[in-house]
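Worksheet for the structure shown next.
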Amino acid sequence: MIPRPDPTLETLVLNMGPQHPSTHGVLRVVLKLDGEYVLEAHPVIGYGHRMHEKMGEVRNVSGFYANVGRMDYAGALSFGHGHVLAVERMLGIEVPPRAEYIRVITTELNRIASHLLWFGAFLLDLGAFTPILYSFDDREYILDLLEHVTGARLTFSYFRVGGVNRDLDERFIQGTRVFIRRMRSRFEAYHKLVTGNVIFRKRVEGVGIISPDMIRKYGATGPVARGSGIPYDIRRVEPYSVYSELDFDIPTFPEGDCFARYRVRLAEMEQSLRIVEQALDRLPDGSVMAEKVPRKLKLGPGEVYQAVEAARGELGYYLAGDGTDVPYRLKIRPPSYSNLSLLNELASGVLLADLVAIMGSLDLVIPEIDR
Amino acid sequence: MTLEEILQVLETTGVDAAPADHPTKGVHVEAWVPTERLREVAQALRDREFLIEDVIGVDAAPEMMVVYHFHRLEGGCRVRLRVRTDRESPRVPTIQDIFPGASWHEREQHDFYGVEFEGHPDLSPLILPEDAGDLRPLRKNEKKLKSLDDIVPPPAHQGEAS
């Protein structure tokens, strides 16, 4: 229950947001404070609600391509990946290997871009201004590469049922190889600038500890789960696409605090670079679109569930069809939704300043929560 | 924990669970659960370290359906539970005290379909605005409404409790 102000009590009810620099979008958190300590923290969401699920029920599959890029603006390609995989699973469409490799290469680049955005914004929340200038410099390279191949910088609708919209060219491949070399040389600077910084360490170490049981109770996934020592990554536990053919590690840190989640994401960027490099080396020749994709995609009758690992965790698509080309029900399970729902339990008893660190370490993207 | 063990666990709670074809369905186990057994099954899954994925309403005739997804952290066992409930006044027991993460998912389905999750302490609008009232945006109108058999083909009905 959202607390109401009561002048007879010693506690204070304070609104954080809906317009607040550290909420990364339009999120309001109603706080019940005892001095500087947070007793309760109730997120109020839905300010950016656009009802993507209803839109999915009134238009056919290709009509939804534009929607998938507009939920998680920082890692939109994963949303497209889950969507086309769900439809392909329902219809039994085989995708050419080249298309599947292209999907993995672009999605992993997008994941790095998302983590770089988080890196800058998280440190900005903690009062460190400079790191975002470095991370946005690197992120710009990825956005240019993705813009060259997909035509968009953020709101991608690049994947199609049966393949991808257009093929990679030599310029993208060479540019990505240059970027991989550049990015690898940048991590040292990141670690020197931030990871070893004593002020940063004091703000994040031992703050906001999430236990493995909390992960299960709330269904928290992604770097939040892996920062609590749980190697839960859909790319490994339920492999989809061509991830089972690629060699990469799932970084985990057992501490469960904000610093562990920070280290998971930095390590993940290095793993994503490994994935992109291998996928480029193995990129098969051939078509990027399956040949026998029906013009009218008749769904079902039946249900499918498709989970993919988005930048923030497990993204699930539940698709129910009734035999027509318009889905009967399309449910999207965004990772941040479950990750944010544990905030009240996590925040009780922490300092208000630590709440900012905790929310930053959860890597929230509000439009995907509101949908 | 293997699939056979999960099926056995669901069987001990008196639910007829059936293995599903993962490559085409995306889940490993499917089960229709009578409403009164739902909490018992959810508790059994909680005790065996399952993780809650989501709670999904599906409007259909003559009854609507609420779908629950669970997964294990080591993977390989995605469980789908289905509950039928009356379309006019849908009532399903809450599992938010067993899986606190279900709280938001249940509130969302209450927003979209008006499903009353009995025992939930706060079903106030979460995603919709406070004054949304009886909007229920995902309810199907008579023209669009399909039979449950059209969504879940009848073989899956076998062994259901009436």
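FYI, it's all coordinate maths here, none of it is from the lab. The structure presented is a predicted model; accordingly, all values stated were derived computationally and were not measured. Here the Cβ is made from the backbone with ideal geometry for all residues, glycine too, and neighbour counts use every protein chain on show.
Cross-linked pairs A:Lys292/B:Lys143; A:Lys217/B:Lys140; A:Lys32/A:Lys331; A:Lys292/B:Lys144; A:Lys54/A:Lys296; A:Lys54/B:Lys143: Cα-Cα separations exceed 27 Å for A:Lys292/B:Lys143; A:Lys217/B:Lys140; A:Lys32/A:Lys331; A:Lys292/B:Lys144.
In straight-distance terms, cross-link reach from A:Lys202 covers every one of the aspartates and glutamates whose alpha-carbon lies under 18 Å from its own, apart from those fewer than eight places away in the same chain; here that gives A:Glu36, A:Asp125, A:Glu255, A:Asp257, A:Asp354.
Between the range A:184-228 and the range A:1-38, the alpha-carbon centres lie 25 Å apart. Angle of helix A:131-150 to the longest C-alpha principal axis of chain A, folded into 0 to 90 degrees and rounded to 10: 20°.
Compared with the dominant principal axis of the Cα atoms in chain A, helix A:170-190 is inclined by about 20°. Per residue of B:27-35, other chain Cβ atoms within 10 Å of the residue Cβ number 1 on average.
In a DSSP loop and with at most 12 other Cβ atoms within 10 Å, the GluC sites (Glu not before Pro) in the range A:279-371 are A:Glu291. To the nearest 10 degrees, how steep is helix B:38-47 against the longest Cα principal axis of chain B, on a 0 to 90 scale? Relative to chain B, helix B:38-47 is tipped by roughly 50 degrees. Our note on the geometry: Cα centres of the range A:231-290 and the range B:67-106, 29 Å apart. Ignoring aspartates and glutamates fewer than eight residues from B:Lys25 along the same chain, the ones with Cα atoms less than 12 angstrom from its Cα are A:Glu88, A:Glu303.
Note on A:Glu170 and A:Leu283: the extension gain reaches 39.5 nm, defined as 0.36 nm multiplied by sequence separation minus the Cα-Cα distance.
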